[in-house]
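Single-structure report; data block below.
The values are calculated or read from the model by the stated rules, or taken from the named source; none is laboratory data. Everything quoted here is computed from the prediction, not taken from an experiment. Every residue, glycine as well, gets a Cβ built from its backbone with ideal geometry; the counts of neighbours run over all protein chains shown.
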Amino acid sequence: MNSYITAPVFNPILLDLPGPLAISWYGTMYLCGFLFAWFFVKAHIRKQKIIMTNDEFSNILSLIFVGVLAGGRLGFCLFVQPAYYLRHPLEILAVWDGGMYFFGGLFAAMFLPWLYTRKTELNYLDVADLIIIPAPMALGFGRWGNFINGEFWGKPSHAPWAMVFDTVPLSDRFDAAQGWVAEWAAGIGMKIPASGLVNLPRHPVQLYELVLEGIILFFILLLFRNIGKPKPRGSVLCLFLLGYGLMRFWMEFYRNPVSHSALIPGSRWFTISMLFTIPMILAGAAGLFMSFKRRVPNEMYGNPDAKKH
């Protein structure tokens, strides 16, 4: 009797249209993430909880959208599969084929609104403290998209919830000639294929991250902002950087490094993604400390009559 779970297989295309017009589940999940952020902030504007006009928010969200797509795509091409895209540079534009990298998207999505707020009366940290709250849920939608695509799977696991992903290529499967592989397969009732390459159950890290970096981090930020005294300028953004950095560093131990992020040369476990989380953690911790030390009030939650809505 088989004692493992086979991950469900989805058609990654939601609506099959010619070429770049095809609508994928992954792209739809990105759209859901932006809609969640849109409704979250619009509710604040509608209830006059914040000083921001509809036009200002629309401009900022549009820049975030561009930043996530452009930065995420370039990050994927540069840090995940650089050799492939150096040989096929035109395919960098083929965003409908999938392939995004969080850290590239985060950098661009933070940088472009910063340029915009310099030309307005808005304070960048005030804006960031609000818009960063729904960001984890947007990330959670993205992780569900990863699960639908059967990508970014984890390392082999004996956990009862470990899953076999049919999308794992032969290059990432395990040779039954190794005793431990054959023993593992026999123990869970898995037949060894003619190729001798066994597709062992793996951590469903897409779901781990959906829950941890998505739902849980969202509620941490929301409760931090809402409970107790008003939080100082920049503190919510810094808590996100710290929280996401720590959670992502932890999750990297369960991810399969070949499927998403190369190992640092000479290391057996330290990945490029881990490297990118370190400045996030340090900046988040230092920024959180400095924001509470300075205690500059967040003016976004000031008098709603100060601007016309």
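Quick notes on this structure:
- Residue check for F147: within 14 Å of the chain's Cα centre (by Cα) and at positive phi: no
- Subset of the range 13-25 that is assigned to a helix (DSSP H, G or I) and not hydrophobic (A, V, I, L, M, F, W, C) - its residue that is farthest from L69 (Cα to Cα): G19
- Pairs are defined by a Cβ separation below 7 Å, a sequence spacing of at least 6 or placement on different chains, a first member in the range 169-182 that is farther than 11 Å from L200 by Cα, and a second member that is of a type outside the set (D, E) and surrounded by 12 or more Cβ atoms within 10 Å (Cβ to Cβ); the pairs so defined are L170/L197; A177/G196.
- Residue-level check: of (1) touching a helix residue (DSSP H, G or I) at 6+ places or on another chain (Cβ under 6 Å); (2) touching a residue at least 40 places away in the same chain (Cβ under 8 Å); (3) not hydrophobic (A, V, I, L, M, F, W, C), G245 misses just (2).
- L212 falls short on exactly one of the conditions (1) closer than 30 Å to L288 by Cα; (2) crowded, with 19+ Cβ neighbours inside 10 Å; (3) touching a residue at least 60 places away in the same chain (Cβ under 8 Å), and that condition is (3).
- Residue in the range 183-201 that is without any contact (Cβ under 8 Å) to a residue 24 or more places away in the chain and under 34 Å from the mean Cα position of the chain (by Cα) present: yes
- Entry remark, the range 127-144: residues being in a helix (DSSP H, G or I) and either under 14 Å from W25 (Cα atoms) or under 15 Å from the mean Cα position of the chain (by Cα) (or both) number 10 in total.
- Residue list for the range 210-239, restricted to those being among the charged types (D, E, K, R), in contact with a Phe, Trp or Tyr (Cβ under 9 Å, 6 or more places away or on another chain) and assigned to a loop (DSSP other than H, G, I, E, B): K231
Here is a yes/no grid of residues against (1) within 30 Å of M300 (Cα to Cα); (2) part of a loop (DSSP other than H, G, I, E, B); (3) at pLDDT below 90; (4) out of contact with any Asp or Glu (no Cβ under 6 Å at 6 or more places or on another chain):
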residue	(1), (2), (3), (4)
G27	no, no, yes, yes
G33	yes, no, no, yes
F36	yes, no, no, yes
I51	yes, yes, yes, yes
I60	yes, no, no, yes
R73	no, no, yes, yes
W96	no, no, yes, yes
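- So Y244, is it assigned to a helix (DSSP H, G or I), of a type in the set (F, W, Y) and surrounded by fewer than 21 Cβ atoms within 10 Å (Cβ to Cβ): no
- Taking the range 150-166 as the range and being surrounded by 15 or more Cβ atoms within 10 Å (Cβ to Cβ) and either under 15 Å from R255 (Cβ atoms) or of a type in the set (S, T, Y) (or both) as the test, the residues that pass are G150, E151, F152, W153, G154, K155, P156, S157, A162, M163, F165.
- In the range 17-41, the residues that are in contact with a strand residue (DSSP E or B) (Cβ under 8 Å, 6 or more places away or on another chain) and farther than 19 Å from G142 by Cβ: L17
- Count of the range 11-30 residues which are in contact (Cβ under 8 Å) with a residue 24 or more places away in the chain and farther than 21 Å from L90 by Cβ: 5
- In the set (1) buried (at least 19 other Cβ atoms within 10 Å of the Cβ); (2) out of contact with any Ser or Thr (no Cβ under 8 Å at 6 or more places or on another chain); (3) at pLDDT 90 or above; (4) not aliphatic (A, V, I, L, M), S259 fails one condition alone, (3).
- Filter result for the condition that a residue is in contact (Cβ under 8 Å) with a residue 60 or more places away in the chain and loosely packed, with under 15 Cβ neighbours inside 10 Å, over A94, A128, A138: A94
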